[in-house]
1. Restricting attention to region 16-33, report how many residues are surrounded by 15 or more Cβ atoms within 10 Å (Cβ to Cβ) and in a helix (DSSP H, G or I).
2. If you check 197, 250, 280, 218, which single one turns out to be closer than 27 Å to residue 35 by Cβ, surrounded by fewer than 19 Cβ atoms within 10 Å (Cβ to Cβ) and out of contact with any strand residue (DSSP E or B) (no Cβ under 9 Å at 6 or more places or on another chain)?
3. Residue 201 passes all but one of (1) closer than 23 Å to residue 263 by Cβ; (2) in a loop (DSSP other than H, G, I, E, B); (3) in contact (Cβ under 8 Å) with a residue 40 or more places away in the chain; which number fails?
4. Just wondering, is there one or more residues in region 36-45 that are surrounded by 14 or more Cβ atoms within 10 Å (Cβ to Cβ) and assigned to a helix (DSSP H, G or I)?
5. Regarding residue 147, is this residue touching a helix residue (DSSP H, G or I) at 6+ places or on another chain (Cβ under 9 Å) and either in a loop (DSSP other than H, G, I, E, B) or touching a residue at least 24 places away in the same chain (Cβ under 8 Å) (or both)?
6. Could you list all residues from region 36-55 that are touching a helix residue (DSSP H, G or I) at 6+ places or on another chain (Cβ under 8 Å) and farther than 21 Å from residue 73 by Cα?
7. Residue by residue through region 150-179, note down the ones that are more than 23 Å from residue 209 (Cβ to Cβ) and assigned to a loop (DSSP other than H, G, I, E, B).
8. In this structure, does residue 263 turn out to be crowded, with 22+ Cβ neighbours inside 10 Å, in contact with a strand residue (DSSP E or B) (Cβ under 6 Å, 6 or more places away or on another chain) and closer than 23 Å to residue 46 by Cα?
């Protein structure tokens, strides 16, 4: 019996319709949500990601501003642009598309974004909030995974969850979010020995290692929930996740496809964070007027 599908594409469409209603309500009060997207360089992959985010803004009723800078843009110039966006009242979210050119310090750039406009959830302030269980603007990909699991009615309390990958963007915050829902969490990474020893007993596996078809059928137990965060381009040009979908779907209880699973949810959570930032901005303004 095949696994049930964690349909990120379908859930994203429903969520964006609700986001549009919230955006229109804000616009009626004179505050249209705005997202500034900054792209440095001409990477085709980054250009595609930015295009998808701009399209999501249109679907969600969010005004988007694009700043496309040449590859040779200096770190100083990029920081100056971010400083301008930080004080622009029409901008509620700032997204700097990663990766950046090697001559630019990513940490300095991310730290320069105003905390209240950090819709990627990468600022150390927002990471700190997540650590203590009080998320401000959470990282979009882990937030998208949690939304998928919640929509499917999957109760995480008491479950054993294994996260494959320990990046600051996905793996670490993913573990914190699962922990906050009462799961017992194991984090595996490149130096983990005998990965199967950990995954075979997991109720939930979140694969975010960036290694195509890493998770195979023999590595999981019957009925496990499998969430595939990976997006890998194979030599023949096709896209594959970190999970061997054709194999694993035969015994998993739930599984997310690639594409159509976590990817659309990541972008939708970016829209959610932008709306949340705009709503919070309006609340702060109303409080200041009193």
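1. If we filter region 16-33 for residues that are surrounded by 15 or more Cβ atoms within 10 Å (Cβ to Cβ), which is where we start, we get 16, 19-20, 22-23, 26-27, 31-33.
With in a helix (DSSP H, G or I) added as a condition, the list becomes 16, 19-20, 22-23, 26-27.
Looking only at that region, the number is 7.
2. Values: 197 fails: closer than 27 Å to residue 35 by Cβ; 250 fails: closer than 27 Å to residue 35 by Cβ; 218 fails: closer than 27 Å to residue 35 by Cβ.
Exactly one residue qualifies, and that residue is 280.
3. Here residue 201 clears every test but (1).
4. At the first step, the residues of region 36-45 found to be surrounded by 14 or more Cβ atoms within 10 Å (Cβ to Cβ) are 36-41, 43.
Filter once more, keeping what is assigned to a helix (DSSP H, G or I): none.
No, the conditions are met nowhere in region 36-45.
5. Working: touching a helix residue (DSSP H, G or I) at 6+ places or on another chain (Cβ under 9 Å): yes; either in a loop (DSSP other than H, G, I, E, B) or touching a residue at least 24 places away in the same chain (Cβ under 8 Å) (or both): yes.
For residue 147, the condition - touching a helix residue (DSSP H, G or I) at 6+ places or on another chain (Cβ under 9 Å) and either in a loop (DSSP other than H, G, I, E, B) or touching a residue at least 24 places away in the same chain (Cβ under 8 Å) (or both) - is met.
6. Step one: filter region 36-55 for residues touching a helix residue (DSSP H, G or I) at 6+ places or on another chain (Cβ under 8 Å), giving 36-40, 52-53.
Passing the criteria: 52, 53.
7. Of all residues in region 150-179, those more than 23 Å from residue 209 (Cβ to Cβ) come to 150-151, 153, 155, 157-158.
Correct list: 153, 155, 157, 158.
8. Values: crowded, with 22+ Cβ neighbours inside 10 Å: yes; in contact with a strand residue (DSSP E or B) (Cβ under 6 Å, 6 or more places away or on another chain): no; closer than 23 Å to residue 46 by Cα: yes.
Taking the combined requirement at face value, the residue does not satisfy it.
The values are calculated or read from the model by the stated rules, or taken from the named source; none is laboratory data. As the structure is a computational prediction, the values presented were derived from the model and not from experiment. Heads up, the Cβs are rebuilt from the backbone with ideal geometry, glycines too, and the neighbour counts pull from every protein chain shown.
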